[in-house]
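Here's the structure, in structure tokens; my notes come after.
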Amino acid sequence: MTTLAFDTHAFVKRLHEVGFTDEQAERLAELSQEIVNATLEQIHQRELASKQDLKETELRLELKIAETKSDLIRWIVGAGLLQTALITALLLKLSSGI
């Protein structure tokens, strides 16, 4: 998971400078740290979901490519057999006329 340095001591010190009490500043620093951690966790979960989505898309594409390859091979073999049959029939027709 991604980590982010959050200097709570400096945060508390800055809050003191603007008039917060020790208790208020420390509590606000704790809450801010919790918010930062929760936000990072959400970002991490979204990244995992995105990676999973990409993997699923990749698998679907690989399946479609395999299906297309199979169809293409069937068409090529079929066309080759038809061509062979036509050439054979033409040769038989021509040879019977001689």
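Worth a mention:
- Within the option set Ile35, Ile76, Ile98, being of a type in the set (A, V, I, L, M, F, W, C), modelled with pLDDT of 90 or more and farther than 30 Å from Ala10 by Cβ holds for one residue only, Ile76.
- Once segment 1-13 is narrowed to residues that are surrounded by fewer than 13 Cβ atoms within 10 Å (Cβ to Cβ) and at pLDDT 80 or above, the residue that is farthest from Ile43 (Cα to Cα) is Lys13.
- Residue among Ile76, Ile43, Ile65 that is over 19 Å from the mean Cα position of the chain (by Cα) and assigned to a helix (DSSP H, G or I): Ile76
The values are calculated or read from the model by the stated rules, or taken from the named source; none is laboratory data. Just so you know, these numbers come straight off a predicted model, no measurement behind them. In this analysis, Cβ positions are derived from the backbone assuming ideal geometry, glycine residues included, and neighbour counts consider all displayed protein chains.
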